[in-house]
Amino acid sequence: LAALAFGLGACQVVAGTAAQALLPSLAGPDRLPSANGYQQTVVVAGQQFIGPPAGSLLFAVAVGLPFGADAVVLAVAAALLATLVRRAPSAGRAEPRHAPSSLRSEIGAGLRWLAAHRLLRTLTLLAAVNTFCFQLGNATLVLLATEELGVSARGFGVLLATAAIGSLAGGVAGPWLLRRLGDRAVLLTALAVNAGAVAAMGLSPDAVVLGALLAITGLGVTLWNLVSIGLRQRLVPAELLGRVMGVHRLVGWGFIPFGALLGGVVAHAFGLRAPYALAGAIRVVALLVALSALLSAFRGGDGS
């Protein structure tokens, strides 16, 4: 069971990376923001609203039924993907195809390209800080809600749903905001609002305020994802897009376990509210440090 879970987790990362790299050739540049928004919306709706109750219902009928249904759905998804027709990449994005080389050299090519691009390098480092800080607080969220604010087990499920509602709102409204405000305004606003919301979660007087702040963070994370993913899809050469996406995920998600570890230590030493203040402070400092590079890159035409 552990080996199968490991395999599914690895396949999920590969499929998610490939989906982001494939989308530009399917949607085209004009429809790419909307396509990213739809993809984010569908993922949140499936994983947090439709999937859990459907799985519980199938489990009640037969223990193995959710796994069989999941296997059938994955097979259907693979069959549908096989029917897709990719658009030809634009002349400015295409690169000559090369013979496959070693896995190490392929990863190195993506890493070197990302490290040399100021805007995308900065966004990747910010992603690492943000996921670290998210898990720093999230590791003890259930204890803050149940022990500090008196939320029941059912009420905690509702709290998590508020974050999902915020994410859905970001997926639906994100493309509209990007068209009217541009990448820079949406990105900086999402980063600043999320940093403040995370810090404020530790000051929540009740579950209603905590739920509202979770919704704000869900909204901010989705908007950040739309801008960050869209910039990589537009700026990375087509032949390197999958590799750069993979390196970004490796760096951006690699610090999550350390955030959870530090969150537990801080909560044990200073109380359940302390991790949120620390996470918010780290995110503010990271944003201020990166602000000059972000503004300079956008002014220089690296972003829109």
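The values are calculated or read from the model by the stated rules, or taken from the named source; none is laboratory data. None of the values given here were measured: they were computed from a predicted structure. When we count neighbours, we look across all protein chains shown, and the Cβ atoms used for this are built from the backbone with ideal geometry, even at glycine. The protein model used for the area step is the full one, side chains on, heavy atoms only, and it has no ligands, DNA or RNA in it. Shrake-Rupley method; radii C 1.70, N 1.55, O 1.52, S 1.80 Å.
Estimated from the Cβ-Cβ distance and a Förster radius of 51 angstrom, the FRET efficiency linking Ala71 and Ser296 is about 0.55. Report which label in [x] 20.2, 60; [y] 22.6, 77; [z] 21.3, 68 holds the value of Rg and Dmax of the Cα atoms in Å derived from the coordinates of this structure. Matching the structure shown: [x].
Note on Ile107 and Ala15: their simple-model spin labels are 2.3 nm apart, each label 7 Å out from Cα toward Cβ. Once C-alpha pairs closer than 8 Å and six or more residues apart are averaged by separation and normalised to the residue number of the chain, the relative contact order reads 31 percent.
Local charge for Val142 was computed over the other residues whose Cβ lies under 15 Å away, with Lys and Arg +1 and Asp and Glu -1, and equals 0. If R0 is 25 Å, the Cβ-Cβ spacing of Ala153 and Val42 corresponds to a FRET efficiency of close to 0.35.
If you run the Gaussian network model on the chain, springs between alpha carbon atoms under 10 Å, then out of Pro33, Pro237, Pro66 the most flexible one is Pro66. Counting heavy atoms of the protein chains alone, Ile216 has an accessible area of about 70 Å² for a 1.4 Å probe. Taking label points 7 Å from Cα along the Cα-to-Cβ direction, Thr189 and Leu57 give a separation of 3.7 nm.
Working from label points 7 Å from Cα in the Cα-to-Cβ sense, the Leu143 to Val289 distance is 2.7 nm. Between Ala269 and Ser34, the C-beta separation translates, for a Förster distance of 41 Å, into a calculated FRET efficiency of about 0.35. Normalised per residue, the accessible area of the stretch 107-299 is 43 Å², obtained with a 1.4 Å probe and no contribution from ligands, DNA or RNA.
Since only Val44, Gln233, Pro175 are under comparison, the one whose Cα sits farthest along the positive direction of the charge dipole of the chain, derived from C-beta charges on Lys, Arg, Asp and Glu, is Gln233.
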